[in-house]
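The structure appears right after this line, and notes come after that.
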Amino acid sequence: MQAARPEDWLFALVSLQTMEGYNGAGNHGIARMNGGSSSRVMLSLAPQTGRGLGPDPASWWRRDLEILLERRSQGRESGPCRPGGLALLWTLPWPEGAQLDPQDLDPWFIEVCRRVRLTAEGGVQAERATSKAARVDAKAFKGVLGDPWAPVDRRRGTSLTLSEGRFDYRRLHALLFTGDWQRPPCAAPRPDEGDSLLVAEAFSRGNSKTFGFQSRIVPVPGGVLRDFWGTPMEKLSKDQIEMIADCDKVLRSALALMAASGIWDNVKKEHYAHARPASAAFDRRADALFFPALWEAVAASRKGTAALKAAQARFKAQLRAAAIAEFEAALPTIPCAAIFRPRAEARARRALFGELRKAGFAAPERAEEEEAAHV
């Protein structure tokens, strides 16, 4: 902070005033989140320009701004705020205890949640003070103030809280495909959009603490966008989630058998605990495979049932390989008496391969021969 440049102070101040949650008495959070321990979430599509892994800020800004201007011109703003209301809240006087009514604010208002000012007397400095009440009286709205990037829970009427989670395939499936969440305007594909990036970001927040900045960027082919919200997409995504769960169940059972010295009758709940690290690692592998496989399945579904089955078979083969890799990596770490280890490893490996086949994760013929010889 002693060597900070003026823009460092500016970015820190903007981040505080537009993203912060509750942090003790007199330190209130922003209006655009569901409570002081919640998150302000961004879910958006951005143009894929080919200039690196992330979105191009200029084209992304232009896209979202065009969407906002179009919605305003058509009178499609949502939430309690009204166009033409108060917008730059940090420029307004802030008497102690006074609060602003959301109905007096513009939907695009840029808020201020803390009494902080920058001064430039002998260098940049910050002056701060607490407040008895939040600047905007928006608790009743639970973060639903028309934020064009915020997903809204249809059942509870609240904006998304990330807590300790991340934007894994399960969460993105729920946000994008199930219909349980009202998707934000900036996450909706436009008719003329080509290859895009799905951007999901938020500070993962708890009670007066954070769990880090969570970011997920998923490339989305332009050919997929026209099916983005359709029923086939939800069905295909759900099918892949079930495949991952089935494969994970086999992996955990095989490692639990190893922990039980290779005796099924001895397998108990505590033996499954030894499989948790491998299960978590497998889930991360599946997460990386999920969306490329989903886009392939969407494209294949347009060609017919046979093409779709072939695409899903390729995804199953990838999951099978990931499960076997995590099984082999975890096997030496599972505690087992030395005298029983050879038998336990052989039985666990046989259980893994056998249950994978039963669950529909069959190996190519040559791989089956190699597995049989290995067991």
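The values are calculated or read from the model by the stated rules, or taken from the named source; none is laboratory data. Since the model is a prediction, treat every value here as computed from it, not as a measurement. Methodologically, a virtual Cβ is constructed for each residue, glycine included, from the backbone with ideal geometry; neighbour enumeration extends over all protein chains shown.
Some notes on this structure:
- Inter-residue pairs, beta-carbon under 6 Å, first in contact (Cβ under 8 Å) with a residue 60 or more places away in the chain and in segment 92-115, second of a type in the set (Asp, Glu) and surrounded by 15 or more Cβ atoms within 10 Å (Cβ to Cβ), 6+ apart: CYS113/GLU20
- If the condition is being more than 29 Å from PHE177 (Cβ to Cβ), charged (D, E, K, R) and part of a helix (DSSP H, G or I), then segment 225-281 contributes ASP265, LYS269, GLU270.
- Screening GLU242 on (1) in contact with a Phe, Trp or Tyr (Cβ under 6 Å, 6 or more places away or on another chain); (2) more than 30 Å from PRO57 (Cβ to Cβ) shows it passes everything except condition (1).
- In segment 172-194, the residues that are touching a Pro at 6+ places or on another chain (Cβ under 6 Å) and more than 16 Å from PHE290 (Cβ to Cβ): TRP181, PRO184, PRO185, CYS186
- Boolean, SER215 is in contact (Cβ under 8 Å) with a residue 24 or more places away in the chain and in a helix (DSSP H, G or I): no
- Selection of first residues in segment 223-247 that are modelled with pLDDT under 95 and of second residues that are exposed (fewer than 15 other Cβ atoms within 10 Å of the Cβ), restricted to Cβ pairs under 7 Å at least 6 apart or on distinct chains, gives the following pairs, ordered by first then second residue: GLU234/THR178.
- Being under 20 Å from ALA188 (Cβ atoms), in contact (Cβ under 8 Å) with a residue 12 or more places away in the chain, assigned by TED's automatic domain parsing to the domain that holds CYS113 and under 24 Å from the mean Cα position of the chain (by Cα) holds for only one residue in MET33, MET19, MET42, and it is MET42.
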